[in-house]
1. Is there any pair linking a residue in segment 92-110 that is at pLDDT 70 or above to one that is of a type in the set (F, W, Y), with Cβ under 7 Å and at least six apart or on different chains, and which?
2. Filter segment 91-110 down to residues that are basic (K, R) and within 19 Å of the chain's Cα centre (by Cα), then give me how many there are.
3. In the list T76, T88, which residue meets the criterion of being among the hydroxyl-bearing types (S, T, Y) and under 19 Å from the mean Cα position of the chain (by Cα)?
4. Do we find a residue being surrounded by fewer than 16 Cβ atoms within 10 Å (Cβ to Cβ), free of Cβ contacts under 8 Å to residues at least 40 places away in the same chain and assigned to a helix (DSSP H, G or I) anywhere in segment 23-33?
5. Quick check on my filter: what residues within segment 62-95 are assigned to a helix (DSSP H, G or I) and surrounded by fewer than 16 Cβ atoms within 10 Å (Cβ to Cβ)?
Amino acid sequence: MCDNNYLIALNGFNDKISLSRWEIQILKCIKSKAKTESKIASQISLNIPVVSLLITDLMMQGYVERTRKRRMYFFTREYFSLTLEGLTNLEAVRSQNNNFWAQILSILRL
């Protein structure tokens, strides 16, 4: 899973963000609304077991949180949503990616 990792230094601190492209897709997917694992898996076109592992890793990093909602007495659903730290790191990755493409365009214009 180390194929496409993005490493970013935040504001001169020694903290590094290491997110794979699938983790970034999951964070983008749950940015606006909490979703279930199956909904996330269908939106990013991955198998549920793979998405489950990625979400677990993101939860361990503090980027995603899980809430359980009870529908009936015995039936609950788990919803996953973005934390404030996850949103901050997602925006940092996106701005770094935008800066990269801006640099490529400026080189091509020369």
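1. Hits for this filter: V93/Y6; Q96/Y6.
2. Total meeting the criteria: 1.
3. On the way: T76 fails: under 19 Å from the mean Cα position of the chain (by Cα).
Only one candidate qualifies: T88.
4. No, the conditions are met nowhere in segment 23-33.
5. Of everything in segment 62-95, those that are assigned to a helix (DSSP H, G or I) and surrounded by fewer than 16 Cβ atoms within 10 Å (Cβ to Cβ) turn out to be L84, E85, L87, T88, E91, R94, S95.
The values are calculated or read from the model by the stated rules, or taken from the named source; none is laboratory data. None of the values given here were measured: they were computed from a predicted structure. Every residue, glycine as well, gets a Cβ built from its backbone with ideal geometry; the counts of neighbours run over all protein chains shown.
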